[in-house]
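J.: Please find one structure pasted underneath; my questions will follow.
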Amino acid sequence: MTGTIRTATPLDDGALAELATVTFPLACPPGSSPEDVAAHLRDTLSAGKFAQYLADPDITILVIDGGDGLHGYSMLVNRPAQDPDVAAALTRLPSAELSKVYVHPDHHGLGAAGRLMASTVERAAALGVAGVWLGVNDQNAKAIRFYEKSGFRKVGTKSFQLGTTVEHDLVMELGLR
């Protein structure tokens, strides 16, 4: 797999939004309505939202830069969990959230996701947190297998609002110390 993993810059906001339009729908349950997916992309994964994330000192976005565009990205949020279900489930505190980790489907199976995950976990460890947590749709078996292979374990459940639909997520946690 080619590409350099680097910290995203404000100049990446548009490319991140474009990548999200390809990758986010792959993580959605099969019955998700196109309207709900489009609403999430508009409200959460637009270039404007990425510009806000990139300006937030508590958020780190790493990208796989292939030279010809971005091939993947992760978003690490270094603040306490706001969702009470997540907060109650976590066992490693303080903890950072792995809010997003996506790789373009053209780069699946090439080691890109594993490299991105390793770099993201390394960045979390440098923050001094004891753990990293994430939410993953309970129907996304491929992602769950990847997270388990990466050392994450199921510790709870939470709800996720996708447009007008409430989805069910697993909460998974990785201990760093």
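The values are calculated or read from the model by the stated rules, or taken from the named source; none is laboratory data. Predicted, not measured: the structure shown is a model, and the values here were computed from it. Don't worry about glycine lacking a Cβ; one is built from the backbone with ideal geometry, like all the others, and counts go over all protein chains shown. Side chains are part of the model used for accessible areas, which takes the heavy atoms of the whole protein and leaves out ligands, DNA and RNA. Shrake-Rupley method; radii C 1.70, N 1.55, O 1.52, S 1.80 Å.
J.: 5 Å is the cut-off here: which amide hydrogens, built 1.01 Å from N in the peptide plane, fall below it relative to Q161, excluding neighbours closer than 5 in sequence?
T.: E167
J.: Could you give the size of the charge dipole of segment 29-77 about its Cα centre, using +1 on the Cβ of each K and R and -1 on the Cβ of each D and E, expressed in debye and rounded to the nearest 20?
T.: 40 debye
J.: Here's something else I'd like to know. Which residues' amide hydrogens lie under 5 Å from the amide hydrogen of L176, considering only partners 5 or more residues apart or on another chain, with H built in the peptide plane?
T.: Sorted by chain and number, the residues that satisfy this are G131, V132.
J.: Would you be so kind as to identify which of T2, L70, A27 lies farthest towards the positive end of the dipole of segment 1-90, taking Lys and Arg as +1 and Asp and Glu as -1 on Cβ and the Cα centre as origin?
T.: Result: T2.
J.: Restricted to Cα positions, what overall size does the chain have along the principal axes? Three whole-Å values, descending.
T.: 41, 38, 32
J.: Would you look at the GNM of the chain, springs on alpha carbons closer than 10 Å, and say which of H107, H71, H40 moves the most?
T.: H107
J.: Applying the Karplus parametrisation 6.51 cos²θ - 1.76 cosθ + 1.60 with θ = phi - 60° to the phi angles of segment 30-42, what ³J(HN,Hα) value in whole Hz is obtained for each residue in order, glycine and proline being reported as x?
T.: x, x, 4, 6, x, 5, 5, 5, 4, 5, 5, 4, 5
J.: From the backbone phi of segment 59-72, what are the Karplus-calculated ³J(HN,Hα) couplings (6.51 cos²θ - 1.76 cosθ + 1.60, θ = phi - 60°) in whole Hz, Gly and Pro given as x?
T.: Once θ is set to phi - 60°, the couplings for segment 59-72 become 10, 10, 10, 9, 10, 9, 9, x, x, 9, x, 8, 9, x Hz.
J.: Turning to a different aspect of this structure: When the chain is modelled as a GNM with alpha-carbon springs shorter than 10 Å, which of T21, T164, T44 fluctuates the most?
T.: T164
J.: Identify which of L134, L11, L45 has the largest mean-square fluctuation in a Gaussian network model of the chain, with springs joining Cα atoms closer than 10 Å.
T.: Between L134, L11, L45, it is L11 that shows the largest mean-square fluctuation.
J.: Checking the cross-link filter: which aspartates and glutamates have an alpha carbon closer than 15 Å to that of K49, excluding same-chain neighbours under 8 positions apart?
T.: Of all the aspartates and glutamates, those that pass the test against K49 - Cα under 15 Å, at least 8 places apart if same chain - are D12, D13, E18, D58.
J.: Label segment 73-177 by shape, choosing from rounded, prolate and oblate, from the square roots a ≥ b ≥ c of the eigenvalues of the Cα gyration tensor; if a/c is under 1.5 it is rounded, and otherwise prolate applies when a/b is larger than b/c, oblate when it is not. Walk me through the intermediate numbers first.
T.: On the way: a/c = 1.70, a/b = 1.06, b/c = 1.60.
Oblate, since a/c reaches 1.5 and b/c is not below a/b.
J.: Over the alpha carbons of segment 1-93, what is the largest minus smallest coordinate on each principal axis, giving the biggest first in Å?
T.: That works out to 42, 33, 28 Å along the principal axes.
J.: Roll a 1.4 Å probe over the protein chains and send me the accessible area per residue for segment 1-98 in Å². Mind dumping the intermediate values first?
T.: Details: 4720 Å² over 98 residues.
That works out to 48 Å² per residue.
J.: Need the C-alpha centroid separation for segment 153-173 versus segment 1-79, integer Å.
T.: Taking the Cα centre of each part, segment 153-173 and segment 1-79 sit 19 Å apart.
J.: Also, quick follow-up: Step through the residues of segment 77-87 one at a time and calculate ³J(HN,Hα) from phi using the Karplus curve (6.51 cos²θ - 1.76 cosθ + 1.60, θ = phi - 60°), rounding each to whole Hz and writing x for Gly and Pro.
T.: After applying 6.51 cos²θ - 1.76 cosθ + 1.60, I find 10, 9, 7, x, 4, 8, 6, x, 5, 5, 4 Hz.
J.: Could you work out the equivalent-ellipsoid semi-axes for segment 86-148, taking the square root of 5 times each eigenvalue of the Cα gyration tensor, largest first, in whole Å? Show your work: numbers first, answer last.
T.: On the way: eigenvalues 99, 50, 12 Å².
Computed over segment 86-148, the values are 22, 16, 8 Å.
J.: Mean residue ellipticity at 222 nm from the helices of the chain, using -39,500 (n - 2.57) per DSSP H segment of n ≥ 4 over the full residue count, to the nearest 500 deg cm²/dmol?
T.: Numbers: 6 runs with 66 residues, N = 177.
It lands at -11500 deg cm²/dmol.
J.: Place a +1 charge on the Cβ of each Lys and Arg in the chain and a -1 charge on the Cβ of each Asp and Glu, then give the dipole magnitude about the Cα centre in debye, rounded to the nearest 20. Numbers along the way, then the final one.
T.: Details: 15 positive and 20 negative charges, 132 e Å.
Value, rounded to 20: 640 debye.
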